[in-house]
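The values are calculated or read from the model by the stated rules, or taken from the named source; none is laboratory data. On a predicted model such as this, the values are computed, not experimentally measured, just so you know. Backbone-built Cβ (ideal geometry, glycine too); neighbour counts: all protein chains shown.
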Amino acid sequence: MTNQRYAHARRATLAAMRLASVIGIAALTPALAAAEPQRLKLSGATLVVNEAENLTELTLTLERAGKPVWTRRGWKAIAAGKPLPTSLDGPCETLGIGLTAQPLGKRAGARLDVACRNGEDMFTARGAAIVIDTVEPYKLLWVGDGDSVSNENDACITEHHVTFELRGKSLVENTVETSRTNADGSCSPGGEPGKPKKTTSSRVVVP
């Protein structure tokens, strides 16, 4: 893929995820717009993730006083051997990365989102989420499917937004899903929008 086509694909992916920001799917948005590595300050250190074109090139580094403390390269190392979520198990035309703080009680955690987009006018953008418990030592709390959005002609849109919180010692996943079709139930472009449907759910992912 040429640099021009790659840049266009990234802009298209960013536009897709902005559609989802209506219900809060914004964790990936800054990452998809950024060309430079993303940095997140945690407990006197800085977590750095690079912009990567594939999961093998994905690199996560912890820096302290400008010097690397540790570096993990590739999905397998970053996910600590956890299996690849179904959201990333398949072809990927454009990869987007997001790094945000994840409140975990008194601990300073982080959330790493990896999104994969396929398609243009009819597209899907599905993400995986890695919840990092501590950075020193590096310890994961959870790995699984994250935010996603599917869009067919801007007529049929489904958005899936996931957040995490600690309840006692348990990690809880909160999910909000909204979907919309044309008023007549079709996905034809230019149709009259129907009313959106919204569902919410919660589940304990780490007891």
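Structure values in brief
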quantity: Checking Ser179 against (1) of a type in the set (S, T, N, Q); (2) over 16 Å from Thr100 (Cβ atoms); (3) within 17 Å of the chain's Cα centre (by Cα), the condition it does not meet; calculated: (3)
quantity: Every residue from region 66-95 that is surrounded by 13 or more Cβ atoms within 10 Å (Cβ to Cβ), touching an Asp or Glu at 6+ places or on another chain (Cβ under 8 Å) and closer than 18 Å to Val131 by Cβ; calculated: Pro85, Ser87
quantity: Residues located in region 34-57, provided they are among the polar types (S, T, N, Q) and modelled with pLDDT of 90 or more; calculated: Gln38, Thr46, Asn50, Asn54, Thr56
quantity: Residue identified as loosely packed, with under 15 Cβ neighbours inside 10 Å, among the charged types (D, E, K, R) and either on the phi > 0 side of the Ramachandran plot or without any contact (Cβ under 8 Å) to a residue 60 or more places away in the chain (or both) among Glu51, Glu63, Glu57; calculated: Glu57
quantity: Flag if Gly119 is among the small types (Gly, Ala, Ser) and either touching a Leu at 6+ places or on another chain (Cβ under 6 Å) or over 30 Å from Glu192 (Cα atoms) (or both); calculated: no
quantity: In region 148-207, the residues that are surrounded by 15 or more Cβ atoms within 10 Å (Cβ to Cβ), polar (S, T, N, Q) and outside any loop (DSSP other than H, G, I, E, B); calculated: Ser148, Ser150, Asn151, Thr158, Thr163, Thr175, Thr178, Ser179, Asn182
quantity: Count - residues of region 97-116 that are modelled with pLDDT under 90 and either part of a strand (DSSP E or B) or not small (Gly, Ala, Ser) (or both); calculated: 3
